[in-house]
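The values are calculated or read from the model by the stated rules, or taken from the named source; none is laboratory data. Every value quoted in this text rests on a predicted model; they were computed, and no experiment measured them. Here Cβ is always computed from backbone atoms with ideal geometry, including for glycine, and neighbour counts include all displayed protein chains. Quick note on the areas: whole protein, heavy atoms, side chains included, nothing else; ligands and nucleic acids left out. Shrake-Rupley method; radii C 1.70, N 1.55, O 1.52, S 1.80 Å.
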Amino acid sequence: MDLATIIGIILGFGAVFGGAVLEGVHIGALISPTSAMIVLGGTFGAVFISFPLKACINGFKDIKTAFLPPKVDPEAVVKDIIGYATKARRNGLISLEQEAQNAKDPFIKKGISLVVDGIDPQKLRETLEAEIMAYEDHKKHSVEFFEAAGGYSPTIGIIGAVLGLIHVMGNLSDTSKLGAGIAAAFVATIYGLMTANIICLPIGSKIKIRMKEEVLRRVMIVEGLIAIQNGENPHFIEQKLKAFAGEEH
């Protein structure tokens, strides 16, 4: 579980509702299912219009990476690559065939299989980099999905506020309820701003960070496999990958 995401959500909503209470606002005044329906329904309705259905579905699926990040360990990548390099240097590239079969990571599995097949290093790089680009495109759509939602929701919140004001103006005969009605109308604006700045935009940013971490891991794998194919010394490969990952050694 990503504690930063949990802490951020608690702090964000806690600050808004806690500040409102300190200002003397009754917490019940901020609870409006109608406003929530207008903001959430309108926001994601606009996003669904903007993106293909598959991108929308993938966007919702990628929410989990903000709360349950995939484990990306550069040190483990370096250790695995050095193990492959040592084995290949001792027994030849064909000895990695068993490693390809045992690999759980599809990207590593494909890369090792290509190395064992004797593909040209340049072709190996092009093939694996094409996969990295496809992965980036997939994740960028998810990032754009939430960035778009963050852009739409404040405006939808204003629409909700206007609808509330229309209702209030239609009942001006009872002036005793005028103030409360206007206050309730602006709850939709608050919901729109909170949806954008505490949920959608931060989730988009977190998905982007996860994407960069995974891309770095895959690039390290590509560099390591090409070095193995070129017969480079395992110690040299280790130093290069550690430097590539920005580690001090």
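Heavy-atom accessible area, probed at 1.4 angstrom with all protein chains present, ranks F67, F146 as F67, F146, highest first. Comparing Cα centroids, the range 144-223 and the range 79-111 end up 47 angstrom apart. Matching the structure-derived Rg and Dmax of the Cα atoms in Å against the labelled list (1) 26.0, 91; (2) 18.9, 55; (3) 17.5, 56 gives the label (1). A 25 angstrom limit on the alpha carbon distance is what I want to check against. Which of K64/K104; K87/K110; K64/K87; K87/K139 exceed it? Cα-Cα > 25 Å for K64/K87; K87/K139; rest within. Based on protein heavy atoms only, the range 28-83 ends up with 57 Å² per residue of surface accessible to a 1.4 Å probe. This model, with +1 at the C-beta of Lys and Arg and -1 at the C-beta of Asp and Glu, gives the chain a dipole about its Cα centre of some 280 debye.
Scalar couplings 3J(HN,Hα) for the range 100-116, obtained by applying the Karplus form with A = 6.51, B = -1.76, C = 1.60 to θ = phi - 60°, are 5, 6, 8, 5, 8, 7, x, 5, 5, 4, 5, x, 5, 4, 5, 5, 4 Hz; x denotes Gly and Pro.
Spacing of the modelled spin labels on E97 and A183, each 7 Å from Cα toward Cβ, amounts to 7.7 nm. Solvent-accessible area assigned to carbon and sulfur over the chain amounts to 64 percent, based on a 1.4 Å probe. Using a probe of 1.4 Å on the protein chains alone, the accessible area found for K87 is around 50 Å².
Were the residues from L216 through N58 laid out at 0.36 nm apart, the gain over their Cα-Cα distance would be 54.7 nm. Per-peptide packing, taken as the mean over residues of other Cβ atoms within 10 Å, places 201-209, 162-170, 135-143 in the sequence 201-209, 135-143, 162-170 from highest down. Helix content alone sets the calculated 222 nm mean residue ellipticity of the chain: runs of n ≥ 4 DSSP H residues at -39500 (n - 2.57) each, divided across all residues, give -25500 deg cm²/dmol. Put a plus charge on the Cβ of each Lys and Arg, a minus charge on the Cβ of each Asp and Glu, and nothing anywhere else: the dipole of the range 48-103 about its Cα centre is then about 40 debye. With the simple spin-label model, which puts each label point 7 Å out from Cα in the Cβ direction, the F17 to M169 separation comes to 3.3 nm.
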